[in-house]
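Data block below; observations after.
The values are calculated or read from the model by the stated rules, or taken from the named source; none is laboratory data. Everything quoted here is computed from the prediction, not taken from an experiment. Neighbour counts are summed over all protein chains in view; Cβ atoms, including those assigned to glycine, are modelled from backbone coordinates with ideal geometry. All accessible areas refer to the heavy atoms of the entire protein, side chains included, with ligands and DNA or RNA removed. Shrake-Rupley method; radii C 1.70, N 1.55, O 1.52, S 1.80 Å.
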Amino acid sequence: LSGYQALYNDSRLSKPEFLSIADFSQSANIKRLYVIDMINCKVLFHTYVAHGRNSGDEYACSFGNKAESYKSSLGFYLTGNTYQGAHGLSLRLKGCEAGINDHAEARGIVIHGADYVSDQFIRKNGRLGRSHGCPAVPENLCRPIVNSIKDGSVLFIFYPDTNYFKQSVFCD
């Protein structure tokens, strides 16, 4: 919450009512993305979210900020605008933390729908599919999630990594 509050206080949010949290400390085989309505204290979406293929298998444990690393990046992001990409509707993400996730835009890290983010994929493969570093969501929930959080809300990708907490300007 300290990072969300810092972004809120800096007036960087045009949609402060939404906070999304991807909890990468949890198994990819469970729903670990939470989209929260901060005004009404209500979880709007609780669903699956993929991590990068080089971040780990069922559990994410390795993170990066470099192009072509196929790793997810931790930390705070601001949501941007949408576009139609290779995976359909996609939401640009701006990393807010230097050296941690500030290359997200250049890397093409976006929220998008993917067929490998589903119960069916888990049943067939024993785990959720993995992305090139994007927090991919189920195809059937992509449009409602993206339309809710686009254009200036906060996404926080969490993992209890002591290096992250030492580097982040948003963590006390």
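Could you name the lysines in cross-link range of Lys66, using Cα to Cα under 28 Å and dropping any fewer than eight places away on the same chain?
Within the straight-line limit of under 28 Å, Lys66 reaches these lysines: Lys31, Lys94, Lys150, Lys166.
In Å and from the alpha-carbon atoms only, list the Rg and Dmax of the range 88-128.
Both quantities, over Cα of the range 88-128: 13.9, 38 Å.
How big is the range 31-130 on each of its three principal axes, counting only the C-alpha atoms and giving the largest first in Å?
38, 37, 28 Å, listed from the longest principal axis down.
Across every pair of different alpha-carbon atoms, what Kirkwood hydrodynamic radius in Å does the range 1-87 reach? Working shown, then result.
Values: mean 1/r = 0.0683 Å⁻¹.
In the range 1-87 this quantity evaluates to 14.6 Å.
In whole percent, and with a 1.4 Å probe on the protein chains, what portion of the accessible area of the range 11-75 is carbon and sulfur?
Numbers: 1560 of 3010 Å².
Reported share for carbon and sulfur atoms: 52 percent.
Pull out a ≥ b ≥ c, the square roots of the eigenvalues of the alpha-carbon gyration tensor of the chain, then state rounded if a/c is under 1.5, prolate if not and a/b is larger than b/c, and oblate in the remaining case.
Numbers: a/c = 1.45, a/b = 1.20, b/c = 1.21.
In terms of gyration-tensor shape, rounded.
Test of the criteria: in the range 1-68, which chymotrypsin sites (Phe, Trp or Tyr not before Pro) are in a DSSP loop and have at most 16 other Cβ atoms within 10 angstrom of their Cβ?
Tyr59
Work out how much length Phe165 to Arg123 would gain on full extension: take 0.36 nm times their residue separation and subtract the Cα-Cα distance, in nm to one decimal.
Length difference between fully extended and current span is 11.7 nm.
Taking a probe of 1.4 Å, how large is the accessible area per residue of the chain, in Å²?
Details: 8310 Å² over 172 residues.
For the chain, the per-residue accessible area is 48 Å².
Over the chain, what is the mean sequence separation of C-alpha contacts under 8 Å (at least six apart), divided by residue count, expressed as relative contact order in percent? Could the numbers behind the result be given before it?
On the way: 420 pairs, mean separation 48.5, N = 172.
With pairs under 8 Å counted, the relative contact order is 28 percent.
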